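These notes concern the structure reproduced below.
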Amino acid sequence: MLDKIPLSRPDTPLLDQIDVPADLRRIEPERLHELARELRSFLLYSVGKTGGHFGAGLGVVELTIALHYVFNTPDDRLIWDVGHQSYPHKILTGRRERMLTMRQSGGLAAFPSRAESDYDAFGVGHSSTSISAALGMMVAARDQGLDRYPIAVIGDGAMTAGMAFEALNHAGELDDNMLVVLNDNNMSISRNVGGLSSYFARMWASKPYNFIRSGSKKVLSHIPPALKAAHRAEEYMKGMVSPGTLFEEMGFNYIGLIDGHDLEGLIDVLGNIRNLRGPQLLHVVTQKGKGYKASEADPFGMHALSKIEPQAGKRPAPEQKQQEVPGYSAVFGQWLCDMAATDPAIIGITPAMSAGSGMDHFAERFPQRFHDVAIAEQHAVTFAAGLACDGMKPVVAIYSTFLQRAYDQLIHDVALQDLDVLFAIDRAGLVGEDGPTHNGSFDLTFLRCIPNMVIMAPADENETRQMLYTGYQHRGPAAVRYPRGKGPGVMPEETMRPLAIGKGEVVEQGETVAILAFGSMVHPAREVARELQCTVANMRFIKPLDHELIRELASRHDLLVTLEENVVAGGAGSAVNELLLAEDYRIAVLNLGLPDRFIEHGKPAQMLSDAGLDVTQIKTAIRARLKQSRIQSQAV
């Protein structure tokens, strides 16, 4: 048990011998506990240097070792759901010394990535995809005549998503060799781990039991009443000691509960499973943060870690807030509480992102009106639609990247029926170290084409509060999209007033060039304008667009520049282009936004620079486009 995170590289002689899992398989079984201790220590050291997720990883150290020890990875496909638990896997698969580059520009990704390693069988960032991916790999191996075993490791949280059960249902129908490992780190069920449960887990994975199980079914298949009785007896026996009846009904052989920190037991059970026929589900119970005292005591608070200051060895204290201006998520959380205090129809909904979305205070003050629906984005949106049908005012707090998963529900269940649902879209734009799986790059594009939607993007913290109030007052679907973290530092006003829908405002007056800035890009646009003497419009609304303002700016400038932290393709700039083309405006246009590629992880400022959206590159792009338009005018 470690009391503190190592500040210098720990001594790991056994771990240092492992460059690939084939090296691991050559280690004597009795030395694997020593390896687990070294792996935990190195994991804590590396995450202390880089920051990142570590609680779930600490909990699967033994499971990771056992999986690579028993299965022939990378030929056997090991798929980690989400990826929070994959750091030990990365350490054991040739990336040990690169762990200190984790989440840094040009370094290791925060999640499994096919481009990074052959041992990362499937790239992830969103949850609940592992079983579907493993099933696809199973069918591919079968159709190609390959002896290849797919293993999906999914957490109990990710198992709450409908997609996981859709895949389980399909796997049971296909009835071929695959393993789903349900990693259950919910401590409320740890009491079920003990001698009896482990005994039955070993029994259900053993060759004699499965020989009797399959053999008796063949023999009794000619005597239907006897076969039915045998099925019932097996079902009742398992139902008395395990929660596996549901999985059995879906076609899986359920094996569990088993202690996920019992290395010998895991290796024994996995070795038996490797030789079984058909879909298997192994239910293991692990302790999140295992082996680190602070994380075991607070598994939720210590889910991830910031960099450790060398002199302290503790989690750094939060930085002092500049002028005490709250971040965007906190602005939303305070607004929601303020509105709920005056309107009993307000209902707060989130798909497992309560803390990240700033809803914790609301959940405490209004528990009956707070609904965390788990990792079920599709359900969250249709649940909100049902509430809106019967007179409530649902507010769905959701990350931009996760709203993508509920797109059909957004169109079919909310917009088509013109229902009164407000979407508070957090993490819009580039989010930093979590990288391309979590960037909110596409929401303006996929929202803008949906009828009945009102779409807003605030320039600062105060405007966020006012736009949320505007969306609340609007009768119909509305979305407010805002970035991660802190803004330019404009204190939100306590007084709320609805903005005129579809109206922007000019915030800088200039000549020749007009910048139409959306949301987070208003502040850098004003910096550019101070040097280039540009006009800057805070457009505020992406839909409906302020046509009158665009016409007025187009009539008295030589160049219109659209600026957004969203992909250029189909985004806010495209909306401006459509208006200018429809009304036959002859004016030079420059659309600046995220390029047509995925932006890799790094510091947000570096990511903006990589995308060509820092102040220096914006100025360079404007100058180049203005020069080009003048040359074209002279040629005409």
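Rounded to the nearest 0.05, the FRET efficiency derived from the C-beta distance between SER609 and GLN417 at R0 = 41 Å is 0.45. Between THR620 and ASP176, the simple label model (points 7 Å from Cα in the Cβ direction) yields a spacing of 5.1 nm.
For LEU590, the amide hydrogen comes within under 5 Å of the amide hydrogens of LEU560, VAL561, THR562, counting only partners 5 or more places away or on other chains and with H modelled in the peptide plane.
What's the extension gain from ARG530 to ILE631 if we count 0.36 nm per residue and subtract their Cα-Cα distance? Don't skip to the end; give the middle numbers.
Values: separation 101, 0.36 × 101 = 36.36 nm, distance 2.49 nm.
Extra length from ARG530 to ILE631 when fully extended: 33.9 nm.
Each peptide in 35-43, 61-69, 110-118, 143-151 gets a packing score, the mean of other Cβ atoms within 10 Å over its residues, and the list from highest to lowest is 61-69, 35-43, 110-118, 143-151.
Max-minus-min Cα coordinates of region 81-128 on each principal axis give 29, 21, 18 Å, with the largest extent listed first. Altogether, the Stokes-Einstein calculation at 37 °C and 0.692 mPa s, with the Kirkwood radius of region 471-512 over Cα pairs as Rh, returns a diffusion coefficient of 236 µm²/s. Once C-alpha pairs closer than 8 Å and six or more residues apart are averaged by separation and normalised to the residue number of region 507-567, the relative contact order reads 48 percent. Amide H contacts of ARG77: TYR149, ILE151, each under 5 Å away and 5 or more positions distant or on a separate chain (H built 1.01 Å from N in the peptide plane; Pro and chain starts excluded).
For the pairs LYS49/LYS619; LYS90/LYS290; LYS90/LYS603; LYS503/LYS627, note any where the Cα-Cα span goes beyond 25 Å. The pairs that break the limit, which is 25 Å between Cα atoms, are LYS49/LYS619; LYS503/LYS627.
Given points 7 Å out from each Cα along the Cα-Cβ axis, report the ASP584 to GLU249 separation in nanometres with one decimal. It is 6.7 nm.
Counting every pair of alpha carbons in region 413-462, the share spaced more than 17 Å apart comes to 46 percent. Modelled spin labels at ASP156 and ARG26, positioned 7 Å past Cα toward Cβ, are 3.9 nm from each other.
With coordinates expressed along the principal axes, the C-alpha atoms belonging to region 508-636 extend over 43, 32, 26 Å, beginning with the largest.
Cα centroid separation, region 75-91 to region 146-182: 15 Å.
Shown here for region 575-610: GluC sites (Glu not before Pro) in loop regions (DSSP other than H, G, I, E, B) with at most 13 other Cβ atoms within 10 Å, namely GLU583. Each part reduced to its alpha carbon centroid, region 386-432 and region 586-633 end up 30 Å apart.
Taking the highest mean first, how do the peptides 165-177, 471-483 order by number of other beta carbon atoms within 10 angstrom per residue? Don't jump to the answer; show the numbers that get you there.
Numbers: 165-177: 16.7, 471-483: 22.6.
The peptides rank, most packed first, as 471-483, 165-177.
Using the per-residue mean of other Cβ atoms lying within 10 Å as a proxy for protection, in what order, highest first, do the peptides 585-592, 178-185, 494-501 fall? Mind showing how you got there, number by number?
On the way: 585-592: 16.6, 178-185: 25.9, 494-501: 12.8.
The most tightly packed comes first, giving 178-185, 585-592, 494-501.
Size of region 38-158 from its Cα atoms: along the principal axes, largest to smallest, the extents are 45, 29, 26 Å.
The distance separating the Cα centre of region 269-290 from that of region 435-459 comes to 40 Å. One quarter of the convex hull surface built on the alpha carbon atoms of region 97-160 amounts to 5.6 nm², the projected area averaged over directions.
According to the calculation over all Cα-Cα pairs in region 470-560, the P(r) per 10 Å bin from zero is 15, 42, 33, 10, 0 %. Treating r as the C-beta distance of ALA115 and ASN72 and R0 as 30 Å, the FRET efficiency rounds to 0.85.
Note on region 431-505: percent of Cα-Cα distances in each 5 Å bin, starting at 0 and stopping at the bin with the largest distance, equals 3, 14, 22, 22, 20, 11, 6, 1.
Translational diffusion of region 1-51 was estimated from the Stokes-Einstein equation, with Rh taken as the Kirkwood radius over Cα pairs; at 25 °C and 0.890 mPa s the coefficient is 210 µm²/s.
A short reminder: the numbers here are calculations on the coordinates, not readings from a lab. This is a predicted model, so every value here is computed, not measured. When we count neighbours, we look across all protein chains shown, and the Cβ atoms used for this are built from the backbone with ideal geometry, even at glycine.
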